[in-house]
Structure formats: structure tokens, C-alpha cells
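Working notes, structure below.
Values in this text are rule-based calculations from the coordinates and carry no lab data. Nothing here was measured: the structure is a model prediction, and the numbers come from that model. Because the Cβ atoms are built from the backbone with ideal geometry, glycine has one as well, and the counts that use them run over all protein chains shown.
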Amino acid sequence: MLDASVLKQLTDIVGAENIATGTQDLICYGYDATQMEFLPDAVVHPDSAEEVSKILKLANELKLPVFPRGAGSGFTGGALPKGGGIVLVTTRMNRILRIDTDNLVAEVEPGVVTEAFQMAVEKLGLFYPPDPASLKFSTLGGNVAECAGGPRAVKYGVTKDFVMGLEVVLPTGAIIRTGGETVKGVVGYDLTKLLCGSEGTLGVITKIIFKLLPYPDAKKTMLTVFDSIDGAARAVSTIIKNKIIPTTLEFMDHPTLTCVERRFNLGMPDTARAVLLIEVDGDRDLIEKQAGEIHKLIEPLGLVQFRVAKDAAESEELWKVRRLVSPSLRDVNPDKFNEDIVVPRSKVPDVIRRIEAIQKLYDIPIVNFGHAGDGNIHVNIMIDKSVPGQLEKAHEAIKEVFQAALDLGGTMSGEHGVGLAKQPYIPMELNAEQITAMKAIKSALDPNNILNPGKMLP
Amino acid sequence: MTKKQTDPLERVAQDMKKCVKCGACRANCPAFSTFQREPATARGKVALAQHLAKGDITLDDGTYAAMSKCLLCGSCVDKCPNQVPTDEIVIAAREALAQRRGLTTFHKAVGQVIRNRKLMNFGALAAAVLGPIFFRKVPSTSGLRLRFPMPFLGGSRHVPQIAKKPFMKRHPEVIKGEPGKPTIVFFVGCMTNFVYTEIGEATLALFRHLGCTVIIPQGQQCCGLPGMSGGDLNTVRELAEQNLAALEKYPADYVMTACATCGGALHKLYPLVIGKRNPELKARLQALADRTVDAAVLLQKLGLHPEETGAAEGMRITYHDPCHHRTAGIAKQPRALLKDTPGLELVEMEGADRCCGLGGTFNVYHYESSLDINAGKSAAIIETGADAVVTGCPGCIMQLSDGLKQAGDKTRVLHTVELLARKIRS
């Protein structure tokens, strides 16, 4: 519980209609997509960097924890107010400040919804490629804080590859700008990159300058079906090795296909064991050529079906297979641990084999799909928490999956972040010296450990 | 809560577990689009219902307000990756809250009036229920108190005229058609009976044109939807039984309604609110649900030729999908009929299937928000340059008319059947 004088000061900063302490508000700002729940003491909705600054100054003075939050759609608990404190919601700051068509940059506030931004720039013939699955509701501030990825990362990269500069309120309340809007710039440390993916532990993002691209001429979508998981996995590395970089290279394994097929009856061939959804974009002639080459390259790898979309409607039809994955998974088991390991692209076949072995060892269903083109696999460990022993098994299996990724030169998370969910496993990937270096940065910027405390680092 | 009553939230216990709080509902909820706060989202309401189920009664005050911020439009269900039926969860939560706290004065009044046709026939009182129209919200932090009633004073809402003589009083119970043609029981609904009687007349004319025997059972009552908004499911159950008795009385091929909302009640709500403990009643209500058809859908099925019956004057129209049609998969049928009607040019608006913002008594509690949701709708309608917006729900008609008038626009608002029957009625 915050005492009355603190509440009064917070109310003076944001206005009475932008602070909530009622139980129902606390509950509704205490969850995210992890299904964990922690109740904060208050929820504030500031509307400017100045208000954020005043809140943080007050919190820093009184040593009150503050938890920045966008749409609350994270998978690792980055926005959860564990231990209580103030939830600082950024969604009122939702203005697209400018789209500069001369320099191909845009400046936005953190509460803008990703898709709304994409639509705004596309109207001007421009392109903001990062496309996390949550783009219809996630905010750009959250995307930057978690360094969100998405299917198009294969060709275009992730959120941080598009962030040129930021306005950030530091935990002490200072408002600083990082980076800028020039293509080059080497003065001082690159705080922009440091803040991307810092999960709200180093500062509250209040403005973002994004780099934009011209919107591609055309795209081509292909649905390719393989008779073995290994064939599909090898197709990924073969395409890349032959110097074709598709926009997306989405992978679905046999258990995933079974789930989708059982519920939606898409008429997959019986021999289907894995699917790759491949998309190329760019110049019309070039993508025709690329599609032909891809077909030739993957033909010998056990290809049993190759479908090319003729138009946008057919492309949407092919994407449907991928989009139906998430709703179908619950038929396997009610509870899901959704991990997002990454390995170097050539190691995709190896990691899939390792996961199959882990699945056999623990005898729990593991469903794999995801952005194989960049080596990022969504490993879904499906259990029923109500069955005794399954939760423990799941934790063991997760650990082994992480170890497999690390052994192959990968990482335990490509785009979901660490938050609370992956925190216990951090020492598997980072050694004591690395953690010490990171903690030094944290304590330099946040001496009283008030901003999103207890997250990420152990 | 007394021991005798079962907790309505038990009915949806499994459904609530399906929600993983992913946040997808933030993209689709009309209530969230205006309130912009998490308790207005579907996942927020599910979270609150879960706490309510745990017996966390300290929640009740705020929860009541949060649960009222739902139009029951079903958009969140359509787009939910896990198909969580949040509409059913909200209905259950409202009932649970009503059990624990008792009904609000307003909803008690609603229940009393909608259960009593005699009272409803007494004009102004009928209006009191149909209308949200005569209530205005008092600005207060809770957003829940009401100023009671303001008949004919206007205020900011534009009030439709109450008919001098209700539709059902103008017609005999049985209107004989041609031998061998289908017999249809007409479920009229309060808005058509008391306010938009033209919809009733047009519907009747069309089915008579097709040679159908039309029966308008005098025992039929309000469908009960206004009661549901406040969690008064006992009233809904009572009305379900009374309507069942009235509609079962005549052997008929179809039960037809020209009101999307009434259709939603007969089709989905009635079987839903009758528990498993009364399987015989549930089965009869399910049979009624299976026989219930929307007027436009039935007209198409029976082979209506709009070129023989419908409007001839040249008119540019746009079509609004009522939520209770969208969730029942009704969209193509009315459009197909309108396209075949001489003189009509159909132009699609942006977001035709987005909620108009009425949402039962939602618009009573949250009039400004309801108008805010409606403002987007009005803009989309005006953008098409249509002479008229056409729809299949009298509730939407009231809301759309209000919104357009507030926007200073003169676009007419019509029911599909009014255009389809224009020629035979002129």
C-alpha cells in the first residue's frame, strides 16, 4: 500500500483520471501473456516525458519500484509488478509525431500500436518491417524494450535494427536523448542499442526514431511440404547457403501440422511431416527468379508439395496454415511453455534432432514451429499442470532445450526476452563476469534499483 | 449469495481457463477502443470474473463497473486465438454480481417492465425500457448513476417517436395465407411493436406476398435482452419460458424475427441460460432456437424476388451488420436481396461489421462512450455518400439514427425489409 501523501503526489502529476488504485484496476494491470499475476499498489497513465520524469524522481526519492508497461502482451513477465509498486502505463503516449519522407525516418511515442504505425507509413509507400505476432495490439515502446522480432527478421532484422534514436527517462528522472536520425553517428557510447531489449530495466522510452524502407514492389508466397522434418530443416540451410535471403521462412513440424489439420482440415498430404512457408519480396522479376531457384534447390530434399500463391488472396490462404497454429495447440494439452531458442541457421536440423530426443526422454509433447529462416524456433512444451509431475518434467525439458541451443552456438531467447520466466536459467548462458558487467550498468543508471526491479539479471 | 442458487460462474469455469491473457482482444474490442483501460478488455473481464469466482467479494464495486463496459458484441470471441467466449463469461459474471449484490434500481425497473406486457403497452413505460432513450447519465465518477426519466425533454439523445398504436394491436393473431405455403410464427420484439412499427408492417407484407400464413402469437413478450445487461437472468429465464409457450402454441414451419437482437436471444441466449438441471426445458428451447430464422434469411430462402416487391426510386445505400447477425453468420443474405432490388446501389462502408455502440443497456450507463464508438460508425457511413444506411436490427437503427443526427447528417436509416417491401406497400 502506498501512503496517502504519495498517492496525492502521483495524482498531482498525472491527474485524478489517470491514476487507479481500485482492486479491479490492480488486477487488470497485474497480468501479461505469461499467466502470472502480481498486484501492484497503483497504476499511473502519464502522457508525456515530463510526467514520467516527475513520477520517476518521486519513486527514486522514496525508493518505490516502478514497472513500465505497454500493452502487457509479453511472454516473459517483463511488465509484471512482482513485489508490488507502481505500474507505469505508456499507452496514452500514442502519437505518431512525424513521418519524414525525405529522410525515411519516423518519430513516434511509445504507446503507438505496431500495426497502426505500419499502416501509416505504408500509406506513404514506406515500410516498417518488424512484425511480431502481436503487432495488432503490442506497442512500439514494448517492441523496443523487448527487441521484438517476427517472421520478416530473416531478411530485414529485428526491432533494434530499425531504431535510430530514443528519448528516455532514466530511473533518476533525467530525460535524455540517444542516437539521432542520421545514418552514421559515433559520438559516445551507443546507448540506443543498449536500451533496445533492456526490458524496461534501464529507462522508460518516451520517444522513438525509426528508420524506414521503401515498400517492396511485390512479394511471392510459397507453401512447401516435406516428407521428413530433416528435409525441411535442411531446406532452410540450403536456401541460405545458396545466397537467397527470403523475407520469411516459417517452419512447422509434424505435431504442429497434426494439431492444425485435426481442427481445421486443410487437406495436407498424408506424407507431410514438415512444412516451410517461404516468402520472397522485392523487384517483380527478381522474386520470380528466386522462387524458381528455391523450388529447384529444395526439390531433392523430400519435397511432396510446392504451392505458389497467384495473388494476395491465395497468399493469405497459405498464411492461414501458419496463423492457425496457435489456436490449435491447446488440443494437445491445456498448458504451454512457449520458448524461443535460436541457433545459427545451419544448425536448425541438429537442434530439431536434439529436441526430438528430449521429447522422447521426458515423454511430453513438444511442438515446434517458428522462424526457422533466422534459426529461431518456437519450442512449445505442452503439459497438463493438473497431472502430478508434469510441471517438474516440463522444467527439466526446458533446461535441456536451452542447453541444446547453447551447445550449438545459439541463445535461449531470440525475441521474447528474459523477464521473470527465463531468469532462473540465465547462468546457463551468461557467466559471472558477464553478469557483473551488466549489473554495473544497471546500478550506474539505477542506483536505487527502482526501475523494473527483480527482472532479467539474477 | 444463498446456498440454493448455483454460482453462474461455474457454468463458465472451463471457458475462463482458456484465456491466456495474450492481449489480442485489445485490438478488437469497441469498449476498449473508447475507454482505453485494461478492465474494459475481454481478458480484463475474464481476470475479474476469475477473481469473482474465487469469492473475492471486495471486488464487487469496481467489478460491476468493469463488467458494465461490455457491449456483448462478440468481436473479441471472433478474433480470440483460443476462442474464449467472453460474452458468455460476462453474462455469467453479471448474473453472479446481481446475485451477490442485488439488482440496481434501474435494472429492477427494467425487469419489472419487460416482464409485464400490460405495463409495456402503457406507452411511456414501454419507452422507459426500450429506451435507454429516456435515461441520461449523471456525470459521476462511478459512471453508473442515472437520472430518471426525462420523457420528451429531449436532452442530447434524439428520441424516436413511440407509435400511437402498437403493431400487435393492429393485426389479428392469425393471418391466413395460401394453402400449401409455409406457416410462419412472427416474433415481433418490443422495438418493432412499440417504436418502429413500419418494420413490422413491411415484414408482414413481404411474407403475405409470398403466400405464407403469418401468426403473431399474442402471448409473446420482450425477448429479455435488456434484462441481461444488468445480470437479471431470472427475468430472462422467465421470459424465455413465456415466449417458448407462446411460440410453441402454433405448429409452424419457422419462427421468424426481423430484429437481430431478438434473434440472438432466441437463437443463442435462451439455451445458454437454462442450466443442465432442466434438460427438458433446455431441449425445447434448443428446438425453438433451431427453428428461429432472421426475416431476410428466410425471405431469401423462400425465394423472394425483390424486383417484384422492392424500392424503385434510385438510391445509394450502405449496409451495417448488426453484431447479433455477425455472430450468427448472417451477412451475405440481406446484401444479396438488396442488390437485386431495383434502383438500389450498394456501397460498402469501412468496418461494416463493427459494433454501433448500443449494446443493450450499455448505452444507458455509458452514453458518451457509446456515442464515441458510434462516431466512427457515423463517419464511415457518411464517407460512402449513401442516401441511406440499411440494417437488420431496430436497436442499431435507433443508435445509428442518433449518431448521424449528432453528426448533423441527414442520411436515412432503414431496415432491410422496408426497402424490400417498398413497391408492394406503396
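With a cap of 14 neighbouring Cβ atoms within 10 Å, and only residues DSSP puts in a loop, list the trypsin sites (Lys or Arg not before Pro) found in region A:44-148. Mind dumping the intermediate values first?
Details: sites: A:Lys54, A:Lys57, A:Lys63, A:Arg69, A:Lys82, A:Arg92, A:Arg95, A:Arg98, A:Lys123, A:Lys136; in loops: A:Lys63, A:Lys82, A:Arg92, A:Arg95, A:Lys123, A:Lys136.
Loop-located and lightly packed - A:Lys63, A:Arg95, A:Lys123.
If you restrict to DSSP beta bridges whose two residues both lie in region A:20-108, what percentage is antiparallel, to the nearest 5? The partial results should precede the final answer.
Details: 6 of 13 bridges.
Percent antiparallel among DSSP bridges in region A:20-108 is about 45.
Within 10 Å of each residue's Cβ, count the other Cβ atoms and sort B:Arg335, B:Arg170 from fewest upward.
Values: B:Arg335 18, B:Arg170 14.
So the ranking, lowest neighbour count to highest, is B:Arg170, B:Arg335.
What lysines sit close enough to A:Lys54 to cross-link, taking a C-alpha to C-alpha distance under 27 Å and skipping anything fewer than 8 places away on the same chain?
Reachable lysines: A:Lys8, A:Lys63, A:Lys82, A:Lys193, A:Lys207, A:Lys439, A:Lys442, A:Lys455.
What lysines does B:Lys165 reach when the alpha-carbon gap must be under 22 Å and sequence neighbours fewer than 8 apart in one chain are set aside?
Qualifying lysines at Cα under 22 Å: B:Lys118.
Suppose R0 equals 22 Å; then what is the FRET efficiency for B:Arg425 and B:Gln218 from their Cβ-Cβ distance, rounded to the nearest 0.05? Kindly include the intermediate steps, with their values, before the conclusion.
Values: r = 24 Å, r/R0 = 1.09.
E between B:Arg425 and B:Gln218, to the nearest 0.05, is 0.35.
Between A:Glu314 and A:Asp283, what FRET efficiency comes out of the Förster formula 1/(1 + (r/R0)^6) with R0 = 22 Å and r the beta carbon distance, rounded to 0.05? Mind showing how you got there, number by number?
Numbers: r = 21 Å, r/R0 = 0.93.
Approximately 0.60, to the nearest 0.05.
For A:Lys241, go through the lysines and keep the ones whose alpha-carbon is under 17 Å away, minus same-chain ones fewer than eight residues off.
Filter leaves A:Lys155, A:Lys289, A:Lys296, A:Lys347.
Equivalent-ellipsoid semi-axes (√(5λ), Cα gyration tensor) for region A:287-422, whole Å, largest first? Show your work: numbers first, answer last.
Working: eigenvalues 183, 69, 39 Å².
The three semi-axes for region A:287-422 are 30, 19, 14 Å.
Ordered by packing density, taken as the mean number of other Cβ atoms within 10 Å over each peptide's residues, highest first, how do B:306-317, B:236-247 rank? Don't skip to the answer; put the middle values down first.
Details: B:306-317: 17.5, B:236-247: 20.0.
Packing proxy ranking, top to bottom: B:236-247, B:306-317.
So, how do all the Cα-to-Cα distances of chain A break down into 10 Å bins, in percent, from 0 on up?
For chain A, the binned pair fractions read 4, 20, 29, 26, 16, 5, 1, 0 percent.
On a 0 to 90° scale, report how tilted helix A:229-241 is relative to the longest principal axis of chain A, with both axes built from alpha carbons and the result rounded to the nearest 10.
Helix A:229-241 sits roughly 80 degrees off the main axis of chain A.
Please list, ordered by chain and number, the residues whose modelled amide H lies under 5 Å from the amide H of B:Val293; skip anything fewer than 5 residues away on the same chain.
B:Val255, B:Met256, B:Thr257
Note the angle between two axes, namely the Cα long axis of helix A:49-62 and the longest principal axis of the Cα atoms of chain A, as a number of degrees from 0 to 90, rounded to the nearest 10.
Taking the Cα atoms of chain A, the angle to A:49-62 is about 70 degrees.
For the pair A:Asn242 and A:Ser443, how long in nm is the line joining their label points, each one 7 Å along Cα→Cβ?
Between A:Asn242 and A:Ser443, the label points sit 5.5 nm apart.
Over the Cα atoms of region A:4-89, how large are the radius of gyration and the largest Cα-Cα distance (Dmax), in Å?
12.1, 35
Any idea what the relative contact order of chain A is, in percent, if you count C-alpha pairs under 8 Å spaced at least 6 apart?
Working: 973 pairs, mean separation 71.8, N = 458.
Worked out over chain A, it gives 16 percent.
For peptide B:307-320, what's the mean number of Cβ atoms from other chains within 10 Å of each residue's Cβ? Intermediate results must be reported in sequence, preceding the final value.
Details: counts 0, 0, 0, 0, 0, 0, 0, 0, 0, 0, 0, 0, 0, 0.
So the per-residue partner count for this stretch is 0.
Of the listed pairs B:Lys21/B:Lys69; B:Lys18/B:Lys377; A:Lys136/A:Lys211; B:Lys181/B:Lys423, which have alpha-carbon separations greater than 27 Å here? Walk me through the numbers before you get to the answer.
Numbers: B:Lys21/B:Lys69 18 Å; B:Lys18/B:Lys377 32 Å; A:Lys136/A:Lys211 20 Å; B:Lys181/B:Lys423 22 Å.
Distance filter (> 27 Å) returns B:Lys18/B:Lys377.
Which three numbers, in whole Å and largest first, are the semi-axes of the equivalent ellipsoid of the protein assembly as shown derived from its Cα gyration tensor as √(5λ)? Mind dumping the intermediate values first?
Working: eigenvalues 500, 219, 145 Å².
Working through the eigenvalues yields semi-axes of 50, 33, 27 Å.
Taking 1 over the mean of 1/r across every pair of different Cα atoms in region A:78-235, what Kirkwood radius in Å do you get? Intermediate values should be presented prior to the final figure.
Working: mean 1/r = 0.0591 Å⁻¹.
Value: 16.9 Å, from the Cα pair sum.
Sorting A:Ser443, A:Ser326 on the 10 Å Cβ count, fewest up front, what's the list? Write out the running numbers ahead of the final one.
Working: A:Ser443 11, A:Ser326 21.
The most exposed by this proxy come first: A:Ser443, A:Ser326.
Using R₀ = 56 Å, calculate the FRET efficiency as 1/(1 + (r/R₀)^6) where r is the Cβ-Cβ separation of A:Asp270 and B:Lys164; round to 0.05. Intermediate results must be reported in sequence, preceding the final value.
Details: r = 69 Å, r/R0 = 1.23.
In this case the efficiency is close to 0.25.
How would A:Cys196, B:Cys80, B:Cys73 line up from fewest to most surrounding beta-carbon atoms within 10 angstrom?
Working: A:Cys196 24, B:Cys80 21, B:Cys73 27.
If I rank by nearby Cβ atoms, fewest first, I get B:Cys80, A:Cys196, B:Cys73.
For the protein assembly as shown, give me the percentage of DSSP beta bridges that are antiparallel, rounded to the nearest 5 percent. Walk me through the numbers before you get to the answer.
Working: 66 of 95 bridges.
Here the antiparallel bridges make up roughly 70 percent for the protein assembly as shown.
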